[in-house]
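No value in this document is a laboratory result; all are computed from the given coordinates. Given the structure is predicted, the values throughout are model-derived calculations rather than measurements. Cβ: placed from backbone, ideal geometry, glycine included. Neighbour counts: every protein chain shown.
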Amino acid sequence: MPITSPFETLRELDRRCRTNSSGLPVASGVIDDWLGIGFSINGIPLIAKMDDVSEILPPPEMIRVPGVIHWVKGLANIRGNLMPILDMKEFLYGEPTEFDKQTRILIVNKLGVIAGLLVDEVYGLRRFKPEELRQEAEQEAGSMTEYLAGIFVDQVRRWNVFSVEKLARAEQFLRVV
């Protein structure tokens with residue numbers, strides 16, 4: 001048996017591994033999951049695209065702005081930026097949100113509209129396969145229906161997909177005076 005150096009032994013091992021390997025599997029057509037933030041307005045479970053929500057905060061101190069529509073709760077200083085805080089329940093259903101320990105602000109930035117949306121509660125991150133999106137509309141959503149873009153269903157509930165883009169394009173949402 002010939003004596004080989006450690007380097008030659010490693011070279012031979014590398015050659016045999018390369019000869020006998022089948023290669024790594026190739027990822028073909030990998031589809032990313034649909035990620036969203038779950039929340040509720042008026043008890044209706046909603047989910048917004050993760051890309052549409054930049055931050056979730058407890059309600060900040062707000063300064064009331066005279067002459068604006070009733071669902072504009074005021075302006076808040078969020079990380080050095082003045083931002084309107086908008087009560088989504090009051091905008092959609094005419095009833096103000098009751099502040100409690102679950103009440104949160106969703107910071108959105110879509111189509112140049114930067115605002116804090118006041119919601120009842122935030123449930124956190126939810127993940128779905130894009131093919132699980134159903135195009136049906138929730139029957140009991142009322143005036144929110146025009147801002148919905150389908151439904152995802154998991155083991156716990158039906159999540160209405162809330163379209164921040166549709167909201168940012170809505171004339172009645174943009175007109176606050």
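Per the helix-only calculation at 222 nm, which mean residue ellipticity applies to the chain, given -39500 (n - 2.57) for every DSSP H run of n ≥ 4 and division by its residues, nearest 500 deg cm²/dmol? Could the numbers behind the result be given before it?
Working: 4 runs with 31 residues, N = 177.
Roughly -4500 deg cm²/dmol at 222 nm, from the helical runs in the chain.
Among M88, M50, rank each residue by its count of other Cβ atoms within 10 Å, from fewest to most, as a rough exposure measure.
On the way: M88 23, M50 15.
Ascending number of Cβ neighbours within 10 Å: M50, M88.
What are the ³J(HN,Hα) values, in whole Hz, obtained from phi via the Karplus relation 6.51 cos²θ - 1.76 cosθ + 1.60 with θ = phi - 60°, for each residue of segment 85-101 in sequence order, with x given for Gly and Pro?
10, 10, 7, 5, 5, 5, 4, 7, 10, x, 10, x, 6, 8, 6, 9, 5
Return the distance in nm (one decimal) between the two label points of a simple spin-label model at I114 and Q172, each offset 7 Å from Cα along Cα→Cβ.
Each label point lies 7 Å from its Cα, and together they span 2.8 nm.
Determine the sum of side-chain charges near S163: Lys and Arg each +1, Asp and Glu each -1, restricted to other residues whose C-beta is under 11 angstrom from that of S163.
Working: positive: K49, K110, K166, R169; negative: D52, E146, E165.
Computed value for this residue: +1.
Please give, to one decimal in nm, the separation of the simple spin-label points placed at M50 and R79, each 7 Å out from Cα toward the Cβ.
So the two model labels end up 1.7 nm from each other.
Say the dipole of the chain comes from +1 at the beta carbon of Lys and Arg and -1 at that of Asp and Glu; which of V53, Y147, P6 then lies farthest toward its positive end?
Value: P6.
Size of the dipole of segment 34-174 about the Cα centre, Lys and Arg at +1 and Asp and Glu at -1 on the beta carbon, nothing else charged, in debye to 20?
Details: 16 positive and 20 negative charges, 71 e Å.
Roughly 340 debye for segment 34-174.
Mind checking the full-extension length gain between F7 and Y123? Use 0.36 nm per residue of separation minus the Cα-Cα distance, one decimal, nm. Don't skip to the answer; put the middle values down first.
Details: separation 116, 0.36 × 116 = 41.76 nm, distance 5.77 nm.
Gain in length upon complete extension: 36.0 nm.
Looking at the chain, I'd like the Rg to Rh ratio, where Rg is from alpha-carbon atoms and Rh is Kirkwood's inverse mean 1/r. Present the calculation step by step, with values, prior to reporting the outcome.
Numbers: Rg = 25.4 Å, Rh = 19.2 Å.
Rg/Rh: 1.32.
Straight-line reach only, C-alpha to C-alpha below 17 angstrom: list the lysines that K166 could link to, leaving out same-chain residues fewer than 8 apart.
Result set, ordered by chain and number: K49, K89, K110.
Around D154, which amide H atoms from residues at least 5 apart in sequence, or from another chain, sit under 5 Å from its own amide H, with H modelled in the peptide plane?
W159
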